[in-house]
Every structure is written in C-alpha cells, then in structure tokens.
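Heads up, the thing below is written out as structure tokens.
The values are calculated or read from the model by the stated rules, or taken from the named source; none is laboratory data. Here the structure is a predicted model, which means the values were calculated and not measured. Positions of Cβ are backbone-derived with ideal geometry, glycine not excepted, and every protein chain shown enters the neighbour counts.
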Amino acid sequence: MLVLTVTFVVTMLLYVVLVGYKTIDALNAMPDDDKVLFFFYMRLYFVNTIVNP
C-alpha cells in the first residue's frame, strides 16, 4: 500500500509541475472568463484523481 501511495503522489506531483510550467504562458494570454473555466475544470480533474486513483 505504501508503494502504491508513493507512486501516486510522485506521478501526481510531476503532472502538476508539468501542467503548471506549460500553462503559465497560456494563462497570461487568456481572458478572465476563460481562466475561470480553466481552473474550474482543472479542479474537477484533481478531485477525480483523488477520488478514483
């Protein structure tokens, strides 16, 4: 169980870092309305990965 949890945390952390790095430039160019939708759907994705790993 510990190996599974550590694997999940490491891969999720890597995903968050890569998505954060990739979207910095894209977010600066987005209007505020699109940013709201982007972050809403991003949070839904995170909830999905937490509930159903």
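Before moving on, here are some points about what is shown:
- Counting only residues that are surrounded by 12 or more Cβ atoms within 10 Å (Cβ to Cβ) and either modelled with pLDDT of 85 or more or out of contact with any helix residue (DSSP H, G or I) (no Cβ under 7 Å at 6 or more places or on another chain) (or both), region 1-18 holds 4 of them.
- Some residue of region 40-53 being assigned to a helix (DSSP H, G or I), surrounded by 10 or more Cβ atoms within 10 Å (Cβ to Cβ), in contact with a Ser or Thr (Cβ under 9 Å, 6 or more places away or on another chain) and aromatic (Phe, Trp, Tyr): no
- Residues in region 23-38 that are modelled with pLDDT under 85, surrounded by 10 or more Cβ atoms within 10 Å (Cβ to Cβ) and not polar (S, T, N, Q): Ala26, Leu27, Met30, Phe38.
- Of all residues making up region 1-26, the number that are over 14 Å from the mean Cα position of the chain (by Cα) and either in contact (Cβ under 8 Å) with a residue 40 or more places away in the chain or part of a helix (DSSP H, G or I) (or both): 8
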